[in-house]
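Here's the structure we're looking at; comments come further down.
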Amino acid sequence: MIDGTIGMQDIRNQFPILDTEVHGHPLVYLDNAATTQKPVAVIEALDKYYRCGNANIHRGAHHLAAEATEAYENVRRQVQALIGARHSHEIVFTRGTTESINLVASSFAKRYFTGEDEVIVSGMEHHSNIVPWQLAGATMRPVPFSDDGVLDFKAMEQLFSPRTRLVAVCHASNTLGTINPIKEIVDMAHSHGVPVLVDGAQAVSHMKVDVQALGCDFYCFSGHKMYGPMGVGVMYGREELLNELPPYQGGGEMISEVTFERTTYNELPFKFEAGTPSVGDVIGLGKAIEFMLGVGIDNIAAQEGDLLHYATERLTALPGMRFFGRAPHKTSVLSFLVGTSHPYDVGTLLDQMGIAVRTGHHCTQPVMDRYGIPGTVRASFAVYNTRAEVDALAAALERIMPMLE
Ligand code: PMP
């Protein structure tokens, strides 16, 4: 029971894929940090859009175009409310976190980079929050973290220099689960006159996010990690900064006037939304937000917190387990190794028992280098996971241990 009104079975019933069998076993899906499964409401919204509502938005004079435009712009307001943005035009739809960060890196660099530019990142960033800055020409200044996976604030303070252009940091680490203290990071960066981009890919589905309370300048996330469709994401940026940045891509809809001599750009947010967006996926994202709010974000956090606690306890009791990421504030991610076994072997054996986990470096190679390991096994929980599934994982690990020796 999640709370008095919504039972766990009610929630699981909304996710048809959870009834799947894999290799003759009921699917135990513990790869939610990679992507969450989708509730019926999202699947049906996509189906309905393509059956009855498909049209290109904004430019059409006809009924379907007007309806699609309204539905698309409604979701912008839903996202605005979800993350507490001041204006709906501060919400830009992208393909996902990766494109959101590439957008900011490219436009921000054009506007503010001078040739000697540094970006402070945490040492636990996803490659998506490292490589775009390198492509933009920045030198990375990584903030170290403790063995438990907690950022070193003293060391961070030392990294600021006159060449620091931006701090780019994840709200929650996809490998360690660490929830970083964004408000404190923003306060430190702003005291140096440096703006902050937050990679919220692993945060939005797990906790209440309020970009105004956090004070961050950019906040990026993906629909598919929050029960929504693949192919849609969000770049939130503060209006004042977005007005300063040049467009990312050129094309339809992002212009005000085009001649062969000169082009002027559209207002926010359209300046950053060149071409036909993934309208159906945006509409699906709206349904995902409704799902999350229907369950209640506090209820989601409580359920996942319970699973993390229970899984940590159950797996710690097994022999030879090594854990990576023991920060006091964590999302529901458990990264571990079993003795000296290669994570891929563990993942493959678990898969034979119907248990889906992720193995490898999780697109965070610097984290693996930090611990001197090739990768980890990662179990990550969503609101529809249960203690019984944690038991299944623990039992399966116990069973495969002799095979790994
Ligand atoms: N940042 C973090 C912390 C992530 O976990 C991920 C996805 N694994 C990304 C960025 C990239 O997200 P996407 O692939 O949806 O663009």
Checklist entry - Can you name every residue in the range 85-105 that is assigned to a helix (DSSP H, G or I), away from the ligand (no atom under 15 Å from the Cβ) and open to solvent by 20 Å² or more (accessible area, probe 1.4 Å)? => result 88, 89
Checklist entry - Of all the residues that make up the range 56-79, how many are more than 16 Å from the ligand (Cβ to nearest atom) and open to solvent by less than 40 Å² (accessible area, probe 1.4 Å)? => result 10
Checklist outcome for this item: Among residues of the range 298-333 being aliphatic (A, V, I, L, M) and in contact with a strand residue (DSSP E or B) (Cβ under 7 Å, 6 or more places away or on another chain), the residue nearest to residue 201 (Cα to Cα) is 333
Next on the checklist: Checking the structure you have, find out if any residue of the range 177-195 is outside any loop (DSSP other than H, G, I, E, B), open to solvent by 10 Å² or more (accessible area, probe 1.4 Å) and in contact (Cβ under 8 Å) with a residue 40 or more places away in the chain.
Outcome noted: yes
Checklist entry - Of all residues in the range 234-260 being open to solvent by 30 Å² or more (accessible area, probe 1.4 Å) and in contact with a strand residue (DSSP E or B) (Cβ under 6 Å, 6 or more places away or on another chain), which is farthest from residue 273 (Cα to Cα)? => result 257
Checklist entry - Can you tell me how many residues in the range 367-405 are outside any helix (DSSP H, G or I), within 18 Å of residue 344 (Cβ to Cβ), open to solvent by 10 Å² or more (accessible area, probe 1.4 Å) and in contact (Cβ under 8 Å) with a residue 24 or more places away in the chain? => result 3
Checklist outcome for this item: Filtering the range 106-139 down to residues that are more than 25 Å from residue 275 (Cα to Cα), among the polar types (S, T, N, Q) and not in a loop (DSSP other than H, G, I, E, B) yields 122, 134, 139
Item to check | For residue 169: the one exception among (1) in contact with a helix residue (DSSP H, G or I) (Cβ under 8 Å, 6 or more places away or on another chain); (2) within 16 Å of the ligand (Cβ to nearest atom); (3) open to solvent by 10 Å² or more (accessible area, probe 1.4 Å); (4) more than 19 Å from residue 371 (Cα to Cα) | outcome: (3)
Item to check | Filtered residue count, the range 328-366, keeping only those that are farther than 19 Å from residue 31 by Cα and either within 19 Å of the chain's Cα centre (by Cα) or within 13 Å of the ligand (Cβ to nearest atom) (or both) | outcome: 2
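The values are calculated or read from the model by the stated rules, or taken from the named source; none is laboratory data. Note that this is a predicted model, so its numbers are computed, not measured. Positions of Cβ are generated from backbone atoms using ideal geometry, with glycine treated the same way; all protein chains shown enter the neighbour counts. The accessibility values were calculated without ligands, DNA or RNA, using every heavy atom of the protein model including side chains. Shrake-Rupley method; radii C 1.70, N 1.55, O 1.52, S 1.80 Å.
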